[in-house]
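Structure first, commentary second.
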Amino acid sequence: MNIASKYDPASVEDKWYSYWLEQGFFRSTPDDREPYCIVIPPPNVTGVLHMGHMLNNTLQDVLIRRARMQGKNALWVPGTDHASIATEARVVSKLAEEGIKKTDLSREEFIEHAWDWTHKHGGIILEQLKKLGASCDWDRTCFTMDESLSESVIQVFVDLFNKGLIYRGVRMVNWDPQALTAVSDEEVYHKEVQSHLYYVRYRVEGEDDYITIATTRPETILGDTAVCVHPEDERFAKFHGKKVLVPLVNRPVPIIVDEYVDREFGTGALKITPAHDINDYELGIRHNLDSIDIFNHDGTLNEAAQILVGEDRFKARELIVPELKKAGNLVKSEDYINKVGYSERTDAVIEPKLSLQWFLKMKELGGPALEHVMNDDVQLQPSKFKNTYRHWMENVKDWCISRQLWWGHRIPAWFYGEGPKDYVVAATEAQALKLAQDISGNAALKAEDLRQDEDVLDTWFSSWLWPISVFDGIRHPDNEDINYYYPTNDLVTAPDILFFWVARMIIAGYEYRNEKPFDTVYLTGMVRDHKRRKMSKSLGNSPDPIELMKKYSADGVRVGMLLCAPAGNDLLFNEALTEQGRNFSNKIWNAFRLIQGWEVDADLEQPAHSAEAVQWFEAQTNRAFINTEDQFKKYRVSDALMIVYKLFWDEFSSWYLETIKPAYEKPIDALTYERTIGFIDQLLHMLHPFMPFITEEIWQLISERKSGESLMVSPMPAPKGYNDELVDQFEDLKQVVTTIRSIRKENNIAPKETLSLMVRSASGIAYHKHLEPVIKKLAKLGEVEVISGEPEGAISFIVRNVEYFVPVGTMVNAQEEMAKLEEELKYTRGFLNSVQKKMSNERFVQNAPAAVVEKEKQKMADAYGKIAVLEAQIQKLKAQA
């Protein structure tokens, strides 16, 4: 077989991905097997692959490939999200480049442009995922604006409205002046900014007296409708029941009292602007205050402000300060750090604003979603996120579900009159007309008399149905797919959308299926750079994943991402790790080439060292397999990879192959060769979920395969029991070999020169005679002799209380040897001390598993024995000196 000297990932990746697609290995339909299902967190349709996607989708592919090899009917559903705000912003920007304003177009014309954009850019990210090796069932690709999914969204809206859970009302919302839409609380992030605190005095009406307030937003003074003080604050008792004049506009407003006021903040008196602050809004309702909205949708001041009309809010802040000073109202200003809310979508400063919006009552819906996460029916991995989840669910507010956009699912509400309640909610216009006629009593109403609500639904209102709607479970709740695949198994996502998406999916699952949407939520960390900064294009610290895969291979990047991706903790990305992943691929390839290059002699008897190595590596592999399974159960995917990585790199390549490798230009016996190919096969199965491409390539080469065969659908080997004692004995052997090699190096003894070894084992301590052939092979030894006396002219060392002596004649320096022994004695005493401290801790002894306590006892006994041997050797050297 002619095998390339260098692994060529580019050709291999394209070849095998095409083969997997042609063979339909990613497809899944219901059958009698156990299902295993993951639904992809749908990326924005406008998006391209970034490092967060790489981590998230690598983890999903590892889980889905592993399940497929375990014989489960594995399905990974792909798809994209229509991303109302992001997509509309892209389309508006594209139109602006063409000299077209959104306002110049009808809604229908704009939607046509949006669809054109989506069709042009929508498939990019999914095609990029294929380069990563994502084994999704592409025939099931969904888009949140697909007809079936859109109908599901509308059906749910109508249902929740009819249940009294959706309502329309004027509420304080988070207004994004750049996107010109409301956004939910979860779409707002806060950061500390350097600001100013302005002290402004308000004249008491009819008196020559003032009340001074402190504010960071002097421009909103123009919308003030009260000043509030604490009822028990004696400084302001004389002002109770009076009025003050709003600076610059001289509007009389009442002085009210409320315990909400923090007497320690500022001056202890607050300006109240119900239209532009959520807390002021609540006070306004409580005290029946007027509400004056002074801002246009784009953040400029409107006519209600009376002055600075048309100015941007931040410009107005600059301009109003000198005006207040000139009018004698500005007392002073000082530097101040405060938290400001920003839109996650546009990065614009959020403006609290009273607005007529649609809301969903969340308290009424959220009960089961809280209960089933707290009782672990739905498991969060890692579980530390349960407290965060509980806090959010216990303090959940009504969800503002309307957005002032055109791209998205249009709210199915139709207005038939001018009154605030003159509307109906229905799935279609025809149904709406019938309802409107019935409710209004006007049978003469026509379709053209109806006006559909201009707003669309929050994008999350479609994606919260994702695990149900991708199987058409809203429109057809008893279909074969939904009954077979739902609930799904694992959801892999980031903690930052735990509430945006995960909690809401759980809510929808219990509302529409009376069942959880998934068993487990695997929460990944955020991908950050080595300075712990979030990856972003603006910082220039986010590498292009496609370029990374070209440079280091898809397998290399997958391994690199996983090597630093503990669940729930941020991933500090370092390109050196992807290089390590590529190097691992090369290591696998070179090991395979080495084995394939050996000549096999069927008549050759298996050497003793090879027989021992085969038994040991079989035990080592089974132990690694069992440990890997345990890590997967705990969702420690990185740890699972590291076990297999070390098994191949350290145990297989460094120790096993070195032991069985035939002498130069000599053949290998058939039995050892067959077992080695068997081990390669097992290792490829274990590695395949992590590294699908190189493992498929080698698996196809190690044996003759038929068309339609593939490692990805080859059953994962079942774990077997193993001889733990043999594994431990081989660890002792490694120490012996490593020490002898060090002695060679330190004493300038040529690697080709054969050494002899003497072994002295105390009574009751076994020397592993059966591993002697392996020690001879790896340490290049001639004679190994078990002794009881004291050899002369030998360098000694100890492994698990067995003494080993390497005769080197006059080359032994007694002083140097004594220094080494004393250093080792010092270390061993320190080690013993640490174990003794642990064993003297009653809590540890009582609570630790019995096996762990027993292991610590054994460590203590071994240390005592080693100390005794070391002390005896030091005394002997002193006597010789």
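The values are calculated or read from the model by the stated rules, or taken from the named source; none is laboratory data. All figures in this text were calculated on a predicted structure; none of them were measured in a lab. Glycine also receives a Cβ, built like all others from the backbone with ideal geometry; neighbour counts cover every protein chain displayed. For the accessible areas, the whole protein counts, side chains as well, though only heavy atoms, and no ligand, DNA or RNA atoms are used. Shrake-Rupley method; radii C 1.70, N 1.55, O 1.52, S 1.80 Å.
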Under a 1.4 Å probe, what is the accessible area of the chain per residue, stated in Å²?
45 Å²
Note on the chain, DSSP bridge orientation, antiparallel percent to nearest 5 equals 70 percent
What do you get for the angle between helix 278-287 and the principal long axis of the chain? Use alpha-carbon atoms, 0 to 90 degrees, nearest ten.
40 degrees
Chymotrypsin sites (Phe, Trp or Tyr not before Pro) restricted to region 193-290 and DSSP loop, no more than 15 other C-beta within 10 Å:
Tyr260, Phe265
First select every other residue whose beta carbon is under 10 angstrom from the beta carbon of Ser703; then total the charges, Lys and Arg +1, Asp and Glu -1.
-2
How tilted is helix 814-839 with respect to the longest principal axis of the chain? Cα atoms for both, answer in degrees (0 to 90, nearest 10).
50 degrees
Amide H neighbours of Ala74 under 5 Å, at least 5 residues apart or on other chains, H built in the peptide plane: list them.
Tyr36
Thinking of region 499-652 as a set of Cα atoms, what percent of all their pairs are more than 18 Å apart?
72 percent
When the Karplus curve 6.51 cos²θ - 1.76 cosθ + 1.60 is applied with θ = phi - 60°, which whole-Hz ³J(HN,Hα) does each residue of region 479-492 get, with x for Gly and Pro?
7, 4, 4, 5, 6, 8, 8, 9, x, 6, 9, 10, 10, 10
Taking the alpha-carbon centre of each part, the distance from region 461-490 to region 567-614 in Å is 43 Å
Under 15 Å from the Cβ of Lys120, count the other residues' Cβ atoms, weight Lys and Arg +1, Asp and Glu -1, and hand me the total.
-3
Candidate lysines for bridging to Lys191, where Cα separation is under 17 Å - those fewer than 8 sequence places away on the same chain excluded:
Lys339, Lys534
Relative to the chain, whose Cα atoms define the longest principal axis, helix 385-394 and its Cα axis are tilted in degrees, nearest 10, by 20 degrees
Could you give the size of the charge dipole of region 561-707 about its Cα centre, using +1 on the Cβ of each K and R and -1 on the Cβ of each D and E, expressed in debye and rounded to the nearest 20?
500 debye
With x for Gly and Pro, the residue-by-residue ³J(HN,Hα) of region 355-360, computed from phi through the Karplus equation 6.51 cos²θ - 1.76 cosθ + 1.60 at θ = phi - 60° and given in whole Hz, is 8, 7, 9, 9, 10, 10
Row for region 764-854, column shape: gyration tensor on C-alpha, a ≥ b ≥ c, rounded if a/c < 1.5 i.e. under 1.5, prolate if a/b over b/c, else oblate; value oblate
Roughly speaking, what is the stretch gain from Tyr19 to Asp104, that is 0.36 nm per residue apart minus the C-alpha to C-alpha distance, in nm to one decimal?
25.7 nm
Built amide H within the under 5 Å cut-off of Thr181, gap 5+
Asp176
For a protection proxy built on the mean count of beta-carbon atoms within 10 angstrom, sort 432-439, 271-278 highest first, please.
271-278, 432-439
In whole Hz and in residue order, list the ³J(HN,Hα) couplings for region 705-718 that follow from phi through the Karplus curve 6.51 cos²θ - 1.76 cosθ + 1.60, θ = phi - 60°; x for Gly and Pro.
10, 8, 4, x, 7, 7, 4, 5, 10, 7, x, 5, x, 7
Return a single number: how many Lys pairs in region 685-776, at a sequence separation of 8 or more or on separate chains, have alpha-carbon atoms below 20 angstrom apart.
6
Would you list which aspartates and glutamates come within 18 Å of Lys837, measuring only between C-alpha atoms, while excluding same-chain residues fewer than 8 positions from it?
Glu854, Glu856, Asp862
Surface share of carbon and sulfur [accessible, 1.4 angstrom probe, percent] for the chain
48 percent
Pairwise Lys count, region 56-166 - Cα closer than 24 Å, eight or more residues apart or different chains
7
Check which residues have an amide H placed less than 5 Å from Gln379's amide H, if you skip close sequence neighbours.
Thr520, Val521
Please give the charge dipole size of the chain, origin at the Cα centre, charges +1 on K and R Cβ atoms and -1 on D and E Cβ atoms. Round to the nearest 20 debye.
2020 debye
Take peptides 676-683, 390-397, 49-56 and line them up by average Cβ neighbours within 10 Å, highest first, as a rough protection proxy.
49-56, 676-683, 390-397
